[in-house]
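Notes follow the structure.
Values quoted throughout were computed directly from the atomic coordinates according to the rules given, and no laboratory measurement underlies them. These numbers come from a predicted model, not from an experiment. Cβ: placed from backbone, ideal geometry, glycine included. Neighbour counts: every protein chain shown.
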Amino acid sequence: MTSETINAASAGTWKLGDLTVNRMGFGAMRLTQNGEAFRPGAVPSDRGRAIGVLRQAVELGVNHIDTAAFYFSALRSANELINRALAPYPDDLVIATKVGPGRDPSGAWLPYATPEQLRGQVEENLRQLGRDHLDVVNLRTYGPGPIAERFGALAELRDAGLIRHLGVSNVTPEQLAEAQSVAPVVCVQNRYGIDTRREDDDFLRACGRQGIAFVPFFALAGVGREAGMAATATDTEGVLAVARARGVSAAQVRLAWTLHRGPHVLAIPGTGNPDHLADNVAAGALRLSEDELALLETR
């Protein structure tokens with residue numbers, strides 16, 4: 001597939017509420033620093049290259065970008081890079097962000113925001129992105145426990161017009177049900193991949209039955225790592241066999257498998273490398289056979 005024919009639309013579309021997105025999206029987490037992994041204190045990324053990757057993503061048909069105000073490193077903020085690269089925003093571009101955790105100026109994690117602090121986090125995302133409303137806001141949780149009060153605070157901001165749609169991240173089925181008792185939920189964003197968090201298989205299918213998008217993060221990650229494009233010892237034999245037979249990378253096989261999990265599954269691979277971006281988007285056109293899918297289930 002040539003660069004002229006690579007387009008995120010090849011993966012199909014899904015609706016987040018009333019917003020239609022291509023199922024192959026882009027995650028902004030890795031834009032702020034050198035390397036493929038996200039680590040507080042890492043060397044800042046090249047600003048021009050990051051801006052170029054964002055613009056290239058949109059040129060390749062990506063219209064769903066996942067970000068957060070706490071995606072920053074020294075000198076770089078993912079939200080502000082998005083603003084600089086893409087504003088004024090295309091009419092069909094959907095930007096989803098997350099609130100709940102935060103980071104202090106040194107980069108140290110602050111894992112829990114009170115309902116009162118959530119409004120400040122929403123306002124910070126609005127300021128950094130240069131928007132008067134946020135398309136989708138996910139409440140990110142850490143561990144089991146009630147979320148209705150915090151989700152209710154976001155529902156109030158939605159009612160006030162600052163947020164269009166709500167989602168949840170890193171949640172259990174019970175927490176999703178609790179959130180739904182407060183306000184509609186358009187997406188669930190959980191860690192999930194071909195060899196990680198497969199206990200969520202039933203949860204993924206349940207989201208599909210309810211018309212809720214399931215958005216895996218770290219879908220490229222093998223056990224104990226966040227993968228780049230190259231195959232490593234942590235790739236399963238099935239992944240490597242399919243990659244060799246198809247003449248594609250292990251990462252592309254992982255993304256194709258992710259999209260095969262259901263029409264409601266959205267992919268948000270992230271990279272600061274323009275070549276990796278093109279490969280990721282191209283994976284949306286990779287259709288796996290039943291035999292290949294069976295082979296990939298051999299873990």
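Based on Cβ point charges of +1 for Lys and Arg and -1 for Asp and Glu, what charge dipole magnitude is obtained for the chain about its Cα centre, in debye rounded to the nearest 20?
380
For region 235-299, what log10 I(q)/I(0) values come out of the Debye formula at q = 0.16, 0.21, 0.25 1/Å, with one point per alpha carbon and no solvent?
With no solvent term, the Cα-only Debye profile gives -0.49, -0.83, -1.12.
List the residues whose amide H sits under 5 Å from the amide H of F214, counting only those 5 or more places along or on another chain, with H placed 1.01 Å from N in the peptide plane.
Here V188, V265, L266 satisfy the definition.
What residues qualify as long-range amide H neighbours of L16, i.e. H under 5 Å apart, gap of 5 or more or another chain, H built at 1.01 Å from N?
Distant-sequence amide H within range of L16: V21.
With a point put 7 Å past each Cα toward its Cβ, work out how far D159 is from Q117 in nm, to one decimal.
2.4
Rank G272, G12, F218 by how far each Cα sits towards the positive end of the charge dipole of region 8-296 (+1 on Lys, Arg Cβ; -1 on Asp, Glu Cβ) and give me just the farthest.
Farthest towards the positive end: G272.
Roughly how many nanometres apart are two label points built 7 Å out from the Cα toward the Cβ at R49 and R127?
Roughly 3.0 nm, to one decimal.
Under 8 Å for C-alpha pairs, at least 6 residues apart: give me the relative contact order for the chain, rounded to a whole percent.
With pairs under 8 Å counted, the relative contact order is 19 percent.
Rounded to the nearest 500 deg cm²/dmol, what is the calculated helix-only ellipticity per residue at 222 nm for the chain, with -39500 (n - 2.57) per DSSP H run of length n ≥ 4?
Taking each H run of at least 4 residues, the total per residue is -10000 deg cm²/dmol.
Which residue fluctuates most in the GNM of the chain (Cα springs below 10 Å): G262, G208, G247?
Ranking G262, G208, G247 by mean-square fluctuation puts G247 first.
Starting from 0.36 nm per residue, how many nanometres of slack lie between T298 and Q180 once their C-alpha separation is accounted for?
39.0 nm
Arrange the following residues from fewest to most other Cβ atoms within 10 Å of their Cβ: E199, E59.
Ascending number of Cβ neighbours within 10 Å: E199, E59.
Give the Cα extents of region 141-299 along the principal axes, in whole Å, largest first.
Result, largest extent first: 51, 32, 27 Å.
Report the far tail of the P(r) of region 8-296, meaning the percent of Cα-Cα pairs longer than 26 Å.
40
Quick one: which residues, 5+ away or cross-chain, put their amide H under 5 Å from the amide H of N138? H built at 1.01 Å from N.
Result for N138 returns T97, K98, V99, G167.
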